[in-house]
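The next block holds one structure in the form of C-alpha cells; read it before the comments.
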Amino acid sequence: MRLPEGGEIDRTKPLTFTLDGVEYSGFEGDTLASAMIANGVLQVAPSLYRHRPRGIFSAGIEEPNALVQVGPEPSLQATTVRLTDGLVARTLSGVGRLTPDSGQRRYDKRYTHTDVLVIGAGPAGRMAATTAAAGGARVMLVGLSYPSGNVRFRGSPQGIPPADGAAELRVLSGARAFGYYDSNYVLVAHQQTLWHVRARRVILATGAHEQPIVFENNDRPGIMLAGAVRKYITNYAVLPGRKAVVFTTNDSAYATVAALVQSGAEVTVVDSRPNPPDLAPQGVEVISGLITNTDGPERLTAVSTQDRRIECDLLAVSGGWQPAVHLFSQSRGTLRWNGQAFVPDTPAQANHVVGAANGTFDTRAALIEATEAGVEAAAAVGYPVPPPPLPAVREREITPASPVWLVPGDPRNQFVDLQRDATVADIRRAVGAGMRSPEHVKRYTTIGTGTDQGRTSNVPALGVIAAELGVTPGDLGTTTFRAPSVPVSFALMAGRDRGKLHDPIRTTPIHSWHVAHGAEFENVGHWKRPWFYPKPGEDMETAVLRECRAARTGVAMQDASTLGKIEVVGADAGEFLNRMYTNGFKKLPVGSARYGMMCKADGMVFDDGVTMRLADDRYYVTTTTGGAANVLDWFEEWSQTEWPELDVRFTSVTEQWSTIAVVGPQSRAVIGLVAPDLDVSNEAFPFMTFRETTLVNGIPARIARISFSGELAYEVNVSGWYGLAAWNAIHDEGKPYDITPYGTETMHVLRAEKGFPIVGQDTDGTVTPHDLGMSWIVSRQKDFVGKRSLRRPDTARPDRKHLVGLLPVDPAELLPEGAQMVASDAPLTPPVPMEGHVTSSYRSAVLERTFALALIKNGRHRIGETLLAPLGDRVIAATVTEPVFYDKEGARRDG
Amino acid sequence: MSLRRSPLAGYPGITEIPFLTMVNVRVRPTGDAAARISERLGGPLPVVPNSVVDAGSRHILMLGPDEWLVVGPDGDTGLPDLLREPSASVVDVSANRTTIEVRSRDLLEHGCTLDLHPRAFHAGRCAQTMIARTQVILWQTSDEPVYRLLVRGSFATYLADWLSDATGSTSSTG
Amino acid sequence: MLLISCPWCGEREETEFHYGGQAFVAYPADPESLSDEEWAQYVFFRDNPKGAFAERWVHSAGCRRWFNTVRDTVTNEFQS
C-alpha cells in the first residue's frame, strides 16, 4: 500500500510495468519490489525445492526470495531492479534461464584509475569520499544509490551535502563493486558496463546486512527484515502491512517500530532481551520473549510467542547486523568475531573499512571513522586535506543486543537459507555425519551458495552449527568469500569481446585478393591463411590435388607473409645464433640462407625456419607462423639474462615484409619475368642463396631460393606496402604458365611428401631433432641450448618415438590425424599398448595414394612392419616406411 | 595507380596516417654511436622511458632502455641510412606498423588499461601497451587530446573494427 | 590481478607481462662437463617457497625487458 505522502519517489512521474502478465503502476524512484508492495503484491514465486510460498524479504542485494527475469536477464533481485516505464518482469523460483542471444543489449568494459575508491554511498561512504576529494585527489564513489540532494539519515536532520564540487570526484550511482583483487583492483558492475578500477587507496563503506532469526515457519510471505520494512516506508512510502509484529534482538528495530506507527500501522514488539529498552512510542506493547512459530494459509496471518498468539499480516525481524565484509575478505583482510558479528580485523591491502561495515553502528562514530579514513587517504595519495567539520548527529545510548541463533521448534521448517531452501534439519544432518568445518557444512547443505551469496544465511548457519557443537561462531570462522559477491551476467563479463572482436584476426597485405578469389581460410594462430582455393564445383580434396599437381608439374604461388621475421643485428649476431640453433650460423656466407632448428633447454624441438645472412653483422631470421612472438621472446631472454656481453639486438619485422613463395618446375621462368634484372640460372643463383633486385613493376625485392616442397622454388620478399602489388605482378607474369595460387593444405601435403616436419604438428614438445631423424642438423662442435639434454638417458633411449612414414595398405584409406597406432598382433581389448600416433595425413596427387607421418616407438627400426589404427567402427592397416615419399634423391630442387 | 597500399586503405570512419617512415634504433644509450645518431637527427635520443622528443619533422620515441623508434613523414626514405651506425641496430620498420589517430581518451579507456588521466599521461608521452587484444605503441601528440596508435599491419583491421565498435558505445555510456 | 612495476615503464597490469620463473638460475658455463643429475637440476628443478621468492618477469607487451623482482608468494606483494 502506498502512503499518501513521503518517500523519495517522484509522484509526478507514474510508470507502468508488468509482472507475471499483470499490469501495475509505480513511480519514478521505485524499485520493482517497492512498486510491487505498493500494489499489494508481496508474494513472489514459490521456493526452489520445497515449493513453499515466499515473499519479498529484504530491500536490497541480500534478497533471497524475490528473483525475477527482466527481459533477457535472469536471476535479478526485484529489490535492486530500478523501475522503468514498460518494464516486463517474471518471478522466478530460484533459477532463471539465460537467453542465448541478448544481442540487442550492448555490454562494455571500462578501465579507470583513481587515487581513492570509496565503495558504498551511504553516510559513511559519502563522508569519506567528500573528505578525500576536497584536496583535489581523484576519487571515485561507487554505490547502489546516490541521491542528488543531501544524504539525510537517522539522527542528522541536515545530513551530508552532495560532494559534486570536487573536480576529480566521479560518482557511479546504481553500481555494485563485486570483486576485489590484488593491488586494489576492483570490478564494478554499472548498468551495461563492467568497470575495472585500479585504486591507490580503497575505503570500504559497504554497510551491514541485517540478519534474520531462525524459528519455525520463518519463511512465510509477510515476514521481512525490520530494516527493509523501514526502508520501504521512508524511501518509497509503501507500507508492507497494517498489523505488524516486530521481533528483535537489538535496538535498531525500534526505528522500524517508529516508522510503522507513524504510517498508521498497529504494532506489537517482541524483544529477545529480558529487559527491553524503553524505545517504543507510547501505546506500543513490548513483550520480552521469542517468536516460536507463524501461521497463515500462504501469507502470514498470525505469530506465536512462547505463551501468546498475535494476529498480524507483517512480521519485521531483526537478528542483529553483520557487516558486509565480502569485499574486505576478498582483499584477503582477516576477520574477527566480536561476540555479535564478524568484523574486519587486519587489512591485507591499502584499504580502510569504515562505518557499519567495520561494525561501527553508531552514526557519529561511523562518520568520524569515515572522515579519518578520507583524510588519511588524501594525504597518502598526495592531496592532503584538513579534517572537515562533522555534521550534527544526535548521540544515542545503546542497550546491548542479545543474539538468538535458534528458537526451538520443528527443524524441518526452520529455514536457514531461504534461497537454497535449507533448514536446521539439513545442518543437523551434516553435523550428525561428522562435519565440523563450516566449509564442509556449506557444501553439504548448499547454504550460502545461492545468488544472494548467503548474506542472510551465512551467519545464522554459523550460529546454528555453533549451537549444535557447543561453541561460538567465532570458534568456527567464516567460509571463504569469493568474487563475484553479487550476481554478474556472463554477457557483462564478455563485454564487446564477442563475434569478430572476440579474438584478433590477423591478415596479410594480400588478404583482400584471397577473399576476392574465393579462398577458404584456415586459422593459424591469430592469422587467417588461405587453406585452398576451390574453383567452381570443386571440393577441398579436388582443389588440393589440383594445387599440388601445379606445384609439382608447373608453377604455383603462396602467400607466406605470415612467417615470423626477426632481424638479428650486432657484431655477435652469428655467435648468438650459434648458441640458439642446433646447427651453425656463424660461418654462413653473406648472401646465403640456411635452415635451422631450435630446442628448449630440455632438448625438445621448439621452432625452425630459414635464416639469411644480410651482412656480416645482420641476419634475417624466419620462424614458424605461430612461433614468431615466442622466438623473439626466447632470443630476448637469452640475450638479456644470460649473455648481455654479446653485441646483438633483435627487431621484429614480421609485417615489414610480405613473402610470396613461387614453387614448381616453371618457377624459374616466372621469376625471370618478374625480376628481369636477375640472372636466375642455377649457377648464378644457386639453392639457399638470395639476391636483392627490383621487380618488373619497380618494387624493390629480396628473392631467395628456398624450398619447402622439394621443388625448384623461390621466396619473394617485398615491403608490406607492396605485398599486394608484388603478388599481382607474379600472378600476371605467371599467367602464361597457368600459375596456381595454393593454400596451407597444399603446402602441408608437399612438405609431407618430402618428410619435412612441421613444428607443432609433427612435434609436440616431447620430440628431439634425433627423434625426427634429423641428427644431421645437430652440431657436434659447438654448444647450443638443449644440447646437453640430448645426452640424458631418457632422451638418448633407442626406443623413443621416431618420425616415420605410414602407407595405408588400402591406398584409398586416409588415416585420421591423431589416430593411435597399435601392433598388428595387439589384443583389441583394453589396455591396448599404444605404439604411437599419426601426426600428418593426406592424399597425394603425385603418389596417387594416401600417406601419413607418424611418431612411432622405435619407428626407424620397424620399417616394413604393419601397424593398425583401430577407429571404433573400422581398423586401418598401414605399413611403416621412411618419412620421405617423393624424390628421395633431391633431384627436383634445382629444376 | 599507386602500387603502395596501407593496411587500412579505404576503411571508413578511421583516421589512418599511412606510410609514415619508421626506423627502429637499438643502441647503447651512453656510447658514441648514440651521440652520433642524436647529432644527425638534430635532437637527443630521449632517456626518459616512454617519452617523445621532437626533432624537426621527426619524432623520437623511447621504447626501452636501448631502443627508440624514429618516426618521420611519408617519403623520408633516407632516414634508415642516416641513422646507420656500426655498433647500432638500425632497422627500417616503416611497413611493420600503420598509424591510427584517435581524439578521445574516453574511447581508449574502453580497451586500454593505462592511466590516461592528464596527470598521468599527456602530450609527449608514449607507451607500448595493449588496446583490447592487440599490442600498440600509444603516443599522445596533443593535449586536446590527440593520440596516435601505432599498430602492426596484420592487426590493423582488428583494431579498426574494435575502435569503430567502441565509438558506437561511447556515445551512450559517456 | 597484479600490478607489476616494470623498471622502465612503471606500473602496468599483469596481463602485459610473462612470468619467467625463479631468478638467478644461471646457464651452466660448461654443460657438457655436468653429470646427468646436475644438468637435470638446472633444467627441471626450481624452488617453490612459501613467502619471499626471487623471480623473473618480462614486460612482453611493453618494452620487452626482463627484470628480477622479489614477490611474496603468500600475499602477492612485490618487495623490490
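The numbered conditions (1) among the hydrophobic types (A, V, I, L, M, F, W, C); (2) within 14 Å of chain A (Cβ to nearest Cβ); (3) assigned to a strand (DSSP E or B); (4) closer than 23 Å to residue A:497 by Cα are all true for residue B:63 except (4).
Which one of the conditions (1) in a loop (DSSP other than H, G, I, E, B); (2) of a type in the set (Asp, Glu); (3) within 23 Å of residue B:136 (Cα to Cα) does residue A:636 fail to meet, given that it meets all the rest? Just one mismatch for residue A:636, condition (1).
Checked against the criterion of being part of a loop (DSSP other than H, G, I, E, B) and out of contact with any Ser or Thr (no Cβ under 8 Å at 6 or more places or on another chain), the candidates A:829, A:795 yield just one match: A:829. Of the residues screened, residue A:640 is one that is surrounded by fewer than 22 Cβ atoms within 10 Å (Cβ to Cβ), closer than 17 Å to residue A:568 by Cα and in contact with a strand residue (DSSP E or B) (Cβ under 8 Å, 6 or more places away or on another chain). Does residue C:15 qualify as being β-branched (Val, Ile, Thr) and either within 7 Å of another protein chain (Cβ to nearest Cβ) or within 19 Å of residue A:630 (Cα to Cα) (or both)? Yes; evaluated as a whole, the condition is true for this residue. Within region A:607-619, restricting attention to residues that are in contact (Cβ under 8 Å) with a residue 60 or more places away in the chain and buried (at least 23 other Cβ atoms within 10 Å of the Cβ), which residue is nearest to the other protein chains (Cβ to nearest Cβ)? Checking each candidate, the answer is A:612.
Residues in region C:30-56 that are of a type in the set (Gly, Ala, Ser), surrounded by 12 or more Cβ atoms within 10 Å (Cβ to Cβ) and touching a residue at least 12 places away in the same chain (Cβ under 8 Å) were compared, and the one that is nearest to residue C:19 (Cα to Cα) is C:54. There is no residue in region A:666-679 that is part of a loop (DSSP other than H, G, I, E, B) and in contact with an Asp or Glu (Cβ under 7 Å, 6 or more places away or on another chain).
Take region B:95-125 and flag every residue that is touching a Phe, Trp or Tyr at 6+ places or on another chain (Cβ under 7 Å) and within 11 Å of chain A (Cβ to nearest Cβ). Correct list: B:95, B:108, B:109, B:111, B:112, B:113, B:114, B:115.
Of all residues in region B:42-60 being surrounded by 14 or more Cβ atoms within 10 Å (Cβ to Cβ) and in a loop (DSSP other than H, G, I, E, B), which is nearest to the other protein chains (Cβ to nearest Cβ)? Checking each candidate, the answer is B:49.
Do we have any residue at all in region A:246-266 that's of a type outside the set (Phe, Trp, Tyr), crowded, with 21+ Cβ neighbours inside 10 Å, in contact with a Phe, Trp or Tyr (Cβ under 6 Å, 6 or more places away or on another chain) and assigned to a strand (DSSP E or B)? For region A:246-266, residues of a type outside the set (Phe, Trp, Tyr), crowded, with 21+ Cβ neighbours inside 10 Å, in contact with a Phe, Trp or Tyr (Cβ under 6 Å, 6 or more places away or on another chain) and assigned to a strand (DSSP E or B): absent.
Test residue A:733 against the criterion of being more than 13 Å from chain B (Cβ to nearest Cβ) and more than 44 Å from the chain's Cα centre (by Cα), and give yes or no. Against the criterion (more than 13 Å from chain B (Cβ to nearest Cβ) and more than 44 Å from the chain's Cα centre (by Cα)), residue A:733 qualifies.
Residue-by-condition table, conditions (1) under 30 Å from residue A:250 (Cβ atoms); (2) surrounded by fewer than 20 Cβ atoms within 10 Å (Cβ to Cβ):
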residue: A:375; (1), (2): no, no
residue: A:386; (1), (2): no, yes
residue: A:392; (1), (2): yes, yes
residue: A:404; (1), (2): yes, no
residue: A:413; (1), (2): yes, yes
residue: A:419; (1), (2): yes, no
residue: A:427; (1), (2): yes, no
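State yes or no: is residue A:689 touching a residue at least 60 places away in the same chain (Cβ under 8 Å) and within 42 Å of the chain's Cα centre (by Cα)? So residue A:689 does not fit the description; no.
The single condition among (1) in a helix (DSSP H, G or I); (2) closer than 30 Å to residue A:271 by Cβ; (3) charged (D, E, K, R) that residue A:442 does not satisfy is (2).
Within region B:139-172, the residues that satisfy the criterion of being within 23 Å of residue C:17 (Cα to Cα), within 13 Å of chain A (Cβ to nearest Cβ) and out of contact with any Asp or Glu (no Cβ under 7 Å at 6 or more places or on another chain) are B:150, B:151, B:155, B:156, B:158, B:159, B:162. In region A:714-741, the qualifying residues are those that are of a type in the set (Asp, Glu) and in contact with a helix residue (DSSP H, G or I) (Cβ under 8 Å, 6 or more places away or on another chain), and the one that is surrounded by the fewest Cβ atoms within 10 Å (Cβ to Cβ) is A:738. Every test in (1) within 14 Å of another protein chain (Cβ to nearest Cβ); (2) more than 17 Å from residue A:713 (Cβ to Cβ) is passed by residue A:589 save one, and that test is (1).
Here is a yes/no grid of residues against (1) of a type in the set (Lys, Arg); (2) more than 27 Å from residue A:527 (Cα to Cα); (3) outside the structural domain of residue A:606 (by TED's automatic domain parsing); (4) part of a helix (DSSP H, G or I):
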| position | (1), (2), (3), (4) |
| --- | --- |
| A:684 | no, yes, yes, no |
| A:703 | no, no, yes, no |
| A:709 | no, no, yes, no |
| A:717 | no, no, yes, no |
| A:721 | no, no, yes, yes |
| A:726 | no, no, yes, yes |
| A:731 | no, no, yes, yes |
| A:746 | no, no, yes, yes |
| A:763 | no, no, yes, no |
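Counting only strands (runs of 3 or more DSSP E) that sit completely within region A:292-345, those holding 1 or more residues that are in contact (Cβ under 8 Å) with a residue 12 or more places away in the chain and crowded, with 21+ Cβ neighbours inside 10 Å correspond to A:302-305, A:314-318, A:321-323, A:342-344.
For region C:41-80, the candidate set comprises residues that are out of contact with any strand residue (DSSP E or B) (no Cβ under 6 Å at 6 or more places or on another chain) and at the interface with another protein chain (Cβ under 7 Å from one of its Cβ atoms); within that set, the residue that is nearest to residue A:332 (Cα to Cα) is C:75. When region A:641-655 is examined, which residues are found to be assigned to a strand (DSSP E or B) and more than 7 Å from chain B (Cβ to nearest Cβ)? Matches in region A:641-655: A:650, A:652.
One residue stands out in region A:6-53 among those that are small (Gly, Ala, Ser) and part of a strand (DSSP E or B): the one that is surrounded by the most Cβ atoms within 10 Å (Cβ to Cβ), namely A:26. The combined condition, being part of a helix (DSSP H, G or I) and either closer than 23 Å to residue A:315 by Cβ or outside the structural domain of residue A:86 (by TED's automatic domain parsing) (or both), is not fulfilled by residue A:59. Annotation: residue C:1 fulfils all but one of (1) facing chain A (nearest Cβ under 9 Å); (2) more than 26 Å from residue A:601 (Cα to Cα); (3) modelled with pLDDT of 95 or more; the unmet one is (3).
For region A:162-201, the set of residues classified as away from chain C (no Cβ under 14 Å) and at positive phi consists of A:174, A:191, listed by residue number. Of the set (1) more than 7 Å from every other protein chain (Cβ to nearest Cβ); (2) not in a loop (DSSP other than H, G, I, E, B), all apply to residue B:130 but (1).
The values are calculated or read from the model by the stated rules, or taken from the named source; none is laboratory data. If you're wondering where the values come from, they're calculated on a predicted model, not measured in any experiment. Methodologically, a virtual Cβ is constructed for each residue, glycine included, from the backbone with ideal geometry; neighbour enumeration extends over all protein chains shown.
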